[in-house]
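Read through the structure below, which is laid out as structure tokens, and then see the notes.
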Amino acid sequence: MNGRAASQWRRLRAISSRTKNPLAMALNTAPPCASHRGGKCDIVHVRSRALAWVAYGATRMTKTPLVTTFHSGCQDSNPITMRYNSVLARGDAVLADSNFTAALAGKLYGPAAGKIRVVHQGLDCRMFAPDMVTPARVQDVRRLWKVAPHEQIVLLAAPASHASGHKILIAAARLLSRSGLTGVKFILACERKESAFDRDIDRAIAREGLQASCTAPAIAICPRPISRPRLLSCPRRRPRPSVTPPS
């Protein structure tokens, strides 16, 4: 893909991330169509549903191969949501990050079953090696999160969404604090966007009187190896496995 085509797709990604309006997405197919014809785009890969609908329309008109990535979170009984999510199963090839996700895509969208390929997500384990994180970096993060030297960290590092279980951890922190637990800081780390959900979490912490022991700081880095938490918390309201669950 040449520079002009890449620029068009970057602009399209920014536009599509701000709207789920079907008419707007339909109109957005024009720029990528022009990019395909003038930029010699050989293949398109998408994993966002809004962008996938635009890419699907553009690639069908230009006869360009489309690869989509299906997520295990794309399961819903609502017919409208099912239709919206179906675009991630409409690619000429459909990628899944686990056998579980592949089976889910095939179950929900039968015609995609023969096009699904499992590509497991990679993980660079070196980032978790203790000698890769200096004590100074650990102390910097602890100061940023206002964690006292004697306090241990319970960390929830998850996207800011209702499914991630932030309020479950807040409720657990309230019960533990009222039972006499001390010396623990509950950190709900996420990429804050000052959205209504972020403000709701702040209000929930304040409502339970947990400002001293529970906080939801913004992060721009993976916090787990740097903060060296005593416990990682994953209280998801909806399971979202990235590996095949045991039978």
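Just a few scattered comments:
- Computed from phi, the 3J(HN,Hα) profile of the stretch 129-138 under the Karplus parametrisation 6.51, -1.76, 1.60 (θ = phi - 60°) reads 5, x, 6, 8, 10, 6, x, 5, 5, 4 Hz, with x in place of Gly and Pro.
- Each residue in Ile153, Ile43 was given a count of other beta-carbon atoms within 10 angstrom of its own, and listing them fewest first yields Ile43, Ile153.
- The three principal axes of the C-alpha atoms in the stretch 47-90 carry coordinate ranges of 33, 18, 13 Å, sorted with the longest axis first.
- FRET efficiency, 1/(1 + (r/R0)^6) with R0 41 Å, evaluated for Ile43 and Arg83 via beta carbons: 0.95
- Among the trypsin sites (Lys or Arg not before Pro) found in the stretch 62-139, those both in a DSSP coil and sparsely packed, with 13 or fewer other Cβ atoms within 10 Å of their Cβ, are Lys63.
None of the figures in this text is laboratory data; all of them are computed from the coordinates on show. No experiment lies behind these values; they were computed from the predicted model shown. Quick reminder, even Gly has a Cβ in these numbers, built from the backbone with ideal geometry, and neighbours come from all protein chains shown.
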